[in-house]
Amino acid sequence: MSKFQKYKRKSSEEKKKEIRDLTKEATEKMKNVSTDPKEVKDYLDFMSKFHKYSAKNQTLLNAQYDGANAVGSAKRWKDDHGLYIRKGQKALKVFAPTKYDLYNVEGKKLTFSQLNKSQQAQAKSGGLNDKKSQVTGFKLVPVFDVTQTTAKPEDYPKFYPNRPQQYNYNGKYLDNLKEAMLTTTKKENIAVKDKETIHNAARGYYNPEKQVIAMSDNSTDTEFVHTLSHELAHHKLHRNETEMSTGLKEVEAEMTAYVVSKHFGIDTEKQSMEYMNGWSRDMKDTESIEASLERIQKTSHSIIEGVTSELESGMKQSLEKKKTLNRMNEREL
């Protein structure tokens with residue numbers, strides 16, 4: 001096995017430049033996302049796997065490493081999985097929160113490294129504690145994709161955040177997924193009216209005043225999951241929203257539904273692309289793009305986590321029931 005790579009310590013200016021460059025790259029990527037439907041699809045496909053990362057970190061990862069599946073620090077790969085980084089692999093960078101001290105000296109707020117030698121000596125001895133405050137900032141940290149480690153290709157799937165191979169896509173599984181979606185929605189204190197006769201082409205709708213989601217009586221199971229994700233996204237994103245345009249609300253809800261559906265292996269590209277094509281009409285600048293991506297990321301993550309929890313709970317109950325039945329059968333024998 002190869003050993004950890006040693007990285008040359010960068011100067012403060014080098015790190016600042018790297019952050020500026022990567023932030024600029026992320027911003028340009030978001031601009032592309034706002035105008036190119038294919039970029040939107042690629043970005044949301046990536047988000048469906050990395051739903052626990054912030055929108056900015058997802059963008060950074062997507063820009064740096066096409067086809068990434070699971071990332072972690074070199075230390076985490078070694079400590080948690082006994083894996084090392086393969087020789088010649090280049091680290092990916094993501095933003096991580098970090099706390100540091102600021103000293104209010106002579107009307108200026110300075111970090112420890114910006115203090116002169118005398119002031120640093122005072123700080124070390126506690127003499128500047130009354131002038132010290134702690135703030136949270138962000139720094140770039142190195143991470144690596146599983147494909148950059150010594151893991152064997154046949155072992156890659158077990159590290160993927162999105163592991164559809166755990167569930168078989170037969171009728172039984174879709175029933176389980178549907179029930180998990182329903183339970184997750186009801187835990188948001190939303191009533192779900194199933195098999196409603198809707199007198200238009202819609203597969204469902206959300207009534208924010210009554211806190212009700214109505215689902216069409218002629219949907220397939222996959223349409224049901226996708227539509228319920230869309231309407232639940234409306235509830236989580238827009239129930240108290242009065243300033244946002246209807247078009248942008250629909251875009252955010254559909255993109256969230258696309259991410260959730262994609263995560264669980266349901267491809268809704270055909271239905272979702274029309275919404276994606278309308279993205280740029282309601283998003284005029286980088287700030288609004290980034291804010292919307294952040295909302296989509298947080299909402300899709302929340303739904304994915306809730307549904308996954310319900311699926312795991314159902315699988316556990318099913319297993320316990322099976323064990324109980326087996327014990328009963330053994331007693332009878």
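Sequentially through the range 247-259, phi angles give Karplus couplings (6.51, -1.76, 1.60; θ = phi - 60°) of x, 5, 4, 5, 5, 5, 5, 5, 5, 4, 4, 4, 4 Hz, Gly and Pro residues having no value and appearing as x.
If you plug the beta carbon distance of Glu250 and Thr136 into 1/(1 + (r/R0)^6) with R0 = 35 Å, you get a FRET efficiency near 0.50. With a Förster radius of 25 Å applied to the beta-carbon distance between Asp155 and Lys316, the computed FRET efficiency rounds to 0.50. Between the range 60-118 and the range 232-254, the alpha-carbon centres lie 35 Å apart.
Using r as the Cβ-Cβ distance of Ser125 and Thr98, and R0 as 22 Å, what FRET efficiency do you calculate, to the nearest 0.05?
After rounding to 0.05, the efficiency reads 0.35.
A simple spin-label model places pseudo-atoms 7 Å from Cα toward Cβ; at Asn116 and Lys87 they are separated by 5.0 nm. Between Lys93 and Val143, the built amide H atoms are under 5 Å apart, and every one of these is 5 or more places off in sequence or on another chain. Would you pull out the residues with amide H under 5 Å of Lys139's amide H, same chain only if 5 or more places away, H placed 1.01 Å from N? The answer is Ala96, Thr98. Karplus-derived 3J(HN,Hα) values for the range 93-103, using 6.51 cos²θ - 1.76 cosθ + 1.60 with θ = phi - 60°, are 10, 9, 7, 10, x, 9, 9, 8, 8, 10, 10 Hz; glycine and proline are entered as x. Largest accessible area first, the residues Thr136, Thr98 order themselves as Thr136, Thr98 under a 1.4 Å probe with ligands, DNA and RNA left out.
Amide H contacts of Glu196: Met215, Ser216, Asp217, each under 5 Å away and 5 or more positions distant or on a separate chain (H built 1.01 Å from N in the peptide plane; Pro and chain starts excluded).
Accessible surface of Glu305, taken over heavy atoms with a 1.4 Å probe and every protein chain present, rounds to 80 Å². When the surface is traced with a 1.4 Å probe over the full set of protein chains, Phe138 keeps roughly 140 Å² accessible. Distance check, please: which entries in Lys117/Lys139; Lys17/Lys139; Lys99/Lys132; Lys193/Lys262; Lys93/Lys298; Lys186/Lys236 exceed 18 angstrom between their Cα atoms? The answer is Lys117/Lys139; Lys193/Lys262; Lys93/Lys298. Rounded to whole numbers, the Karplus 3J(HN,Hα) couplings from phi for the range 236-243 are 6, 8, 10, 4, 10, 8, 10, 8 Hz, using 6.51 cos²θ - 1.76 cosθ + 1.60 with θ = phi - 60°, and x at Gly and Pro.
The values are calculated or read from the model by the stated rules, or taken from the named source; none is laboratory data. In this text the structure is predicted, and so the values were computed from the model without any measurement. Neighbour counts are summed over all protein chains in view; Cβ atoms, including those assigned to glycine, are modelled from backbone coordinates with ideal geometry. Areas reflect the complete protein model, heavy atoms only, side chains present, ligands, DNA and RNA absent. Shrake-Rupley method; radii C 1.70, N 1.55, O 1.52, S 1.80 Å.
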